[in-house]
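Visitor: Dropping the structure in here first, questions after.
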Amino acid sequence: MKIKLSEKKLKDIKADCEIVFVVNKNLGHKFIRDKEILNEMNFKGKADEVLLLPEKKRMYVGIGDLELESLRCATALAARTIVKSKITSLKIALYFADDAGRGIKALSEGFLLGAYSYQKYKSKPTKNNIKQIIISSENYYNKKIEIKNLEEKIKEAEIISKSVNFVRDIVNEPPSDLTPLKFSEIAKAEAKENNLTIKILGKKELEKLGMGAFLAVNQASAYPPWLIYLNYKPKNAKKKIILVGKGLTYDTGGLSLKLGDGMLTMKMDMGGAGAILGVIMAISQLKLPIEVQAIIGATENAIGKDAYKPDDVLKAMNGKTIEVRDTDAEGRLVLADCLCYAQKENFDYIIDIATLTGASMVALGEYTSAVMGFNQDLNHKILKSAEKSGELVGILPFNKYLPKLLKSEIADINNLPSSRYGRAITAGLFLGEFIEKRNKKKWAHIDIAGPAFKDKPWGVNPVGASGAGTRLLIEWIKGVL
Ligand code: BES
Ligand code: ZN
Ligand code: ZN
């Protein structure tokens, strides 16, 4: 799918189909040449309305308003509708006319993210026939715009969308195929492709480092654990950011076993790790002058005779002891050791990202990621970046009472809070206990349990994995300088 910019008027561009957005009831706009049909069909231009007129070679898509996110979603809907047809080329006006190219970036992302579907395991995969999309600089407001920056914005949208689609691919992969070893091999291949250095630590090394929490989670798995450590280090780096991702290739819950419905879709439990792999690839391709490290704790949480148990006491790499009261609260155990490992060097920021708690969905609804940490300014910067990127984020507040819920009688900390309430926050506070004092303000935690995986398409996202966290982190890193 190639996206091209043209200075020709829309009507002078050749394509199989023209996409026309209808902005909330405004059927009088010059782009709309089938007003009677739209009236007849009672087409109002509300978000999510689509009408394909094959004889006219036009598709009308309701958009509601011309906000960037509305453009992204309407374009994604158009792509999703057309991708199944034999249509090979599309044309569309620019609509949102700005010299900064935000409009063209949103349109390009809408197409590239919306056309995605996971076909790898179909014996007869549905092909995406769209070869070319031409965006005309003609726009809704008839505004003259400077187009020299726009080509670059298409390129940026391509890099970002490609990395999101890569994340979707690996999160959608079945858990017996995407084992921790396979995950490390994929990371190795991508490191080579993207000029990243990579170090992969195996079980022996994790033992030597004293990662008792990470290793306990792995104990019953048929597959050994791997810590995957990637680095993008440009010569002109002005900042250094460490990303840490939960890479549970499957979460059965362990001996505190999940019930059928709760276990289904738990292949998504490496969504945080997938996202940071996508992010570091994109940052390297965008050639940003920022050092980025990605640390992935990859393992499965299985059951078996070797399984770690509720009542066990574990020792993390920093010497802290953890009472296990629920083997299904395993993500925080893996992350605790990865966070300790990550802090051996200096850095400007450390962000962890994980499908950590069902409670984050109870708090914010299933489309929104939760961000939390000790630095309000950092939380807000992440929130703003999310908005800009098209992802949804809400800030969950720490307070001085909730840490008490993690007290243990026999160890330094408990992996299960004593109350059912506020479990997304107490999970964040647990991780905060493994952030060294000097780094407290440099840290934020993002819980993507809600948006990482859905059984219906939503916005620019398909059925299955969404790649949640990828766009928001790329946007945040772009703004860090
Ligand atoms: N991977 C799950 C969280 C999750 C749930 C992600 C639903 C995506 C969708 C995590 O390991 C888990 O099971 N957390 C427990 C923690 C609890 C035992 C404190 C939870 O959320 O119930
Ligand atoms: Zn779990
Ligand atoms: Zn989990």
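Visitor: Take each of the peptides 362-374, 102-114, 21-33, average the number of other beta-carbon atoms within 10 Å over its residues, and list them starting from the highest. Write out the running numbers ahead of the final one.
Guide: Details: 362-374: 20.0, 102-114: 26.0, 21-33: 15.9.
So the order, starting with the most tightly packed, is 102-114, 362-374, 21-33.
Visitor: Using a simple spin-label model with points 7 Å from Cα along the Cα→Cβ vector, what separation in nm is obtained for Val362 and Glu185?
Guide: The modelled label-to-label distance comes out at 4.0 nm.
Visitor: How do Trp226, Trp476 rank when sorted from fewest to most other Cβ atoms within 10 Å of their own Cβ?
Guide: Details: Trp226 27, Trp476 24.
With the sparsest Cβ surroundings first, the list reads Trp476, Trp226.
Visitor: Let me ask something else about it. Considering only Pro175, Ile474, Gly260, whose Cα is most displaced toward the positive end of the charge dipole of the chain, charges sitting on Cβ of Lys, Arg (+1) and Asp, Glu (-1)?
Guide: Positive-most Cα among the choices belongs to Ile474.
Visitor: Please list, or write none, the aspartates and glutamates whose alpha carbon is within less than 15 Å of the alpha carbon of Lys25, excluding same-chain residues fewer than 8 places away.
Guide: Output for Lys25: Asp34, Glu36, Glu40, Asp48, Glu49, Asp65.
Visitor: Test of understanding: express the Cα radius of gyration of segment 2-142 as a ratio to 2.2 N^0.38 Å, with N the residue count. If you can, show how the numbers build up before the last one.
Guide: Details: Rg = 14.5 Å, N = 141, 2.2 N^0.38 = 14.4 Å.
This ratio for segment 2-142 stands at 1.01.
Visitor: Right, another one. Quick check: the distance between the Cα centres of segment 85-104 and segment 379-418, to the nearest angstrom?
Guide: The two parts, judged by their Cα centres, are 39 Å apart.
Visitor: Please label the shape of segment 158-480 as rounded, prolate or oblate, based on the square roots a ≥ b ≥ c of the eigenvalues of the alpha-carbon gyration tensor (a/c under 1.5 means rounded; beyond that, a/b larger than b/c means prolate, else oblate). Write out the running numbers ahead of the final one.
Guide: Numbers: a/c = 1.27, a/b = 1.23, b/c = 1.03.
It is rounded, given that a/c, with a ≥ b ≥ c, falls under 1.5.
Visitor: Further, regarding this structure: If we count every other residue with Cβ under 14 angstrom of Leu264's Cβ, Lys/Arg +1 and Asp/Glu -1, where does the sum land? Working shown, then result.
Guide: On the way: positive: Lys258, Lys267, Lys454; negative: Asp251, Asp261, Asp269, Asp455.
Neighbour charge sum, excluding Leu264 itself: -1.
Visitor: So how do 135-143, 268-276 stack up, highest first, on mean other-Cβ count within 10 Å?
Guide: Top to bottom by mean Cβ count within 10 Å: 268-276, 135-143.
Visitor: So, counting K/R as plus one and D/E as minus one, what does the shell of residues with Cβ under 10 Å around Cys17 add up to?
Guide: Numbers: positive: Lys56, Lys57, Arg58, Lys91; negative: Asp16, Glu18.
With Lys, Arg at +1 and Asp, Glu at -1, the net is +2.
Visitor: Could you work out [θ]222 nm for the chain from helices alone, using -39500 (n - 2.57) per DSSP H run of at least four and dividing by all its residues? Round to the nearest 500 deg cm²/dmol. Walk me through the numbers before you get to the answer.
Guide: Working: 14 runs with 155 residues, N = 481.
Computed mean residue ellipticity for the chain: -10000 deg cm²/dmol.
Visitor: With axes computed from alpha carbons, what is the tilt in degrees of helix 102-114 against the longest principal axis of the chain, rounded to the nearest 10 within 0 to 90?
Guide: 70
Visitor: For segment 1-80 and segment 179-197, compute the distance between their C-alpha centroids and round to whole Å.
Guide: Each part's Cα centre sits 41 Å from the other's.
Visitor: Using each residue's phi in segment 374-379, evaluate 6.51 cos²θ - 1.76 cosθ + 1.60 at θ = phi - 60° and report the 3J(HN,Hα) Karplus result to the nearest Hz, with x for Gly and Pro.
Guide: Result, ordered by residue: 8, 10, 4, 5, 5, 3 Hz.
Visitor: Note down the magnitude of the dipole of the chain about its Cα centre, charges +1 on Lys and Arg C-beta and -1 on Asp and Glu C-beta and zero elsewhere, to the nearest 20 debye.
Guide: Details: 74 positive and 57 negative charges, 271 e Å.
Taking the Cα centre of the chain as origin, the dipole is about 1300 debye.
Visitor: Step through the residues of segment 151-166 one at a time and calculate ³J(HN,Hα) from phi using the Karplus curve (6.51 cos²θ - 1.76 cosθ + 1.60, θ = phi - 60°), rounding each to whole Hz and writing x for Gly and Pro.
Guide: Along segment 151-166, the couplings run 4, 4, 5, 5, 4, 4, 4, 5, 5, 5, 5, 4, 6, 4, 5, 5 Hz.
Visitor: Then there's this: Using Cβ counts within 10 Å as a stand-in for footprinting exposure, how do Ile303, Ile350 rank, fewest first?
Guide: Numbers: Ile303 15, Ile350 23.
Ordered from fewest to most neighbouring Cβ atoms within 10 Å, Ile303, Ile350 come out as Ile303, Ile350.
Visitor: Please list, in order along segment 263-269, the HN-Hα scalar couplings obtained from phi with the Karplus expression 6.51 cos²θ - 1.76 cosθ + 1.60 (θ = phi - 60°), rounded to whole Hz, x for Gly and Pro.
Guide: 7, 4, 6, 6, 5, 6, 6
Visitor: If you fit an axis through the alpha-carbon atoms of helix 423-432 and take the longest principal axis of the Cα set of the chain, what angle between them do you get, 0 to 90°, nearest 10?
Guide: 60
Visitor: What order, most packed first, do the peptides 432-439, 458-465 have when packing is the mean number of other Cβ atoms within 10 Å of each residue? Write down the numbers at each step before the final one.
Guide: Numbers: 432-439: 15.8, 458-465: 21.5.
Answer by packing, highest mean first, reads 458-465, 432-439.
Visitor: Let me ask something else about it. Note down the magnitude of the dipole of segment 361-481 about its Cα centre, charges +1 on Lys and Arg C-beta and -1 on Asp and Glu C-beta and zero elsewhere, to the nearest 20 debye.
Guide: Working: 17 positive and 11 negative charges, 69 e Å.
The calculated dipole for segment 361-481 is roughly 340 debye.
Visitor: Below 8 Å, C-alpha to C-alpha, sequence gap of six or more: please give me the relative contact order for the chain in percent.
Guide: Details: 1097 pairs, mean separation 70.3, N = 481.
Dividing the mean separation by the residue count of the chain yields 15 percent.
Visitor: Between beta-carbons, use under 15 Å as the cut-off and find the net charge around Leu178, counting Lys and Arg +1, Asp and Glu -1.
Guide: Details: positive: Lys120, Arg168, Lys182, Lys188, Lys246, Lys267; negative: Asp169, Glu173, Asp177, Glu185, Glu190, Asp251, Asp269, Glu300.
Every neighbour counted, the sum reads -2.
Visitor: Any chance you could check the Cα centroid distance between segment 284-358 and segment 215-247 for me, in angstrom?
Guide: Segment 284-358 and segment 215-247 have Cα centres separated by 9 Å.
Visitor: Right, here's the next one. Any idea how far apart Asn142 and Thr88 come out in nm if each label point goes 7 Å out from Cα toward Cβ?
Guide: Rounded to a tenth, the inter-label distance reads 3.7 nm.
Throughout, read-outs are computed from the coordinates displayed, never taken from laboratory work. Just so you know, these numbers come straight off a predicted model, no measurement behind them. Glycine also receives a Cβ, built like all others from the backbone with ideal geometry; neighbour counts cover every protein chain displayed.
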